[in-house]
Amino acid sequence: MPKAAKKAPAKTASASTSASTEFKNFEPYKPKRGEEYMSDKQLEHFRSILLNWKSELMQEVDRTVSHMKDEAANFPDPADRATQEEEFSLELRTRDRERKLIKKIDSTIERINQDDYGFCDACGVEIGIKRLEARPTATLCIDCKTLDEIKERQEKG
C-alpha cells in the first residue's frame, strides 16, 4: 500500500511581501523578426512595467501608514504591546526595503530616458528582454552578475 503523501504546510503571504515582487501583471514582450534591441516599443514596455511596479509599491506605503494609524493602541498588557511593536517593526523594515527599490526603479526609468537601458554596465552586451522582464532593474547581464556573485562569495568566505 503506498504511503500517503505528506501535505506541505500552506504558505502564508502577507500583502507586504507580495507587493515587492508584484510586477508580474504584464504581457510579455514578443519582439518582431528583425526588430532592433531596445526599440522605442521595447523601452515603452519596460517603462510601463516599472511605473506600474512603482505605483503598487507606493500604494503599499499608503496602506502601511493608514494601518499603523488605525492599529496603533496602547495595550495594557506588555506582551500585546511587544507583539504590536514587533509587527510594526517588521512592516517598517519591509517598507524601507521597498523605499530602496523605488529609488532603484526611479534610476532605471532615468536610464530609459537617457537611452542607456538594457545593456550590461560591466561588459556592454545586451542584457536580454526575458532577463529584464524577470528583473526590470537589472544592470548586469547574466554572465557578469554570476561572476559578481562568485567574487562576493569568495570575499565573504
Subject >> Residue pairs meeting the criteria (Cβ under 7 Å; at least 6 apart or on separate chains; first over 20 Å from residue 98 (Cβ atoms), in the range 42-58; second surrounded by 20 or more Cβ atoms within 10 Å (Cβ to Cβ) and of a type in the set (Phe, Trp, Tyr)) >> reply: 43/117
Original post:
When you look at residue 95, is it charged (D, E, K, R), at pLDDT below 95 and touching a Ser or Thr at 6+ places or on another chain (Cβ under 8 Å), yes or no?
Top reply: yes
Subject >> Restricting the range 58-80 to residues that are of a type in the set (Gly, Ala, Ser) and assigned to a loop (DSSP other than H, G, I, E, B), the residue that is farthest from residue 105 (Cα to Cα) >> reply: 73
**OP:** Determine whether the range 126-148 contains at least one residue that is assigned to a helix (DSSP H, G or I), surrounded by 11 or more Cβ atoms within 10 Å (Cβ to Cβ) and among the hydroxyl-bearing types (Ser, Thr, Tyr).
**Re:** yes
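Residue 87 - would you say it is in contact with an Asp or Glu (Cβ under 9 Å, 6 or more places away or on another chain) and more than 30 Å from residue 138 (Cβ to Cβ)? Can you show your working first?
Working: in contact with an Asp or Glu (Cβ under 9 Å, 6 or more places away or on another chain): yes; more than 30 Å from residue 138 (Cβ to Cβ): yes.
Answer is yes for this residue.
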Original post:
Any idea which residue in the range 75-104 is surrounded by the most Cβ atoms within 10 Å (Cβ to Cβ), counting only those that are within 26 Å of the chain's Cα centre (by Cα) and of a type in the set (Ser, Thr, Tyr)?
Top reply: 94
Subject >> Lone qualifier among 94, 83 - being in contact (Cβ under 8 Å) with a residue 60 or more places away in the chain, part of a helix (DSSP H, G or I) and in the same structural domain as residue 63 (by TED's automatic domain parsing) >> reply: 94
**OP:** Would you check if there is a residue in the range 40-52 being among the β-branched types (Val, Ile, Thr), under 27 Å from residue 129 (Cα atoms) and surrounded by 11 or more Cβ atoms within 10 Å (Cβ to Cβ)?
**Re:** yes
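Test residue 144 against the stated conditions and say whether it is over 23 Å from residue 29 (Cα atoms) and touching a helix residue (DSSP H, G or I) at 6+ places or on another chain (Cβ under 6 Å).
no
The values are calculated or read from the model by the stated rules, or taken from the named source; none is laboratory data. Since the structure is predicted, the reported quantities are computational estimates derived from the model, not experimental observations. For neighbour counting, all protein chains shown are included, and Cβ atoms are generated from backbone atoms with ideal geometry for every residue, glycine included.
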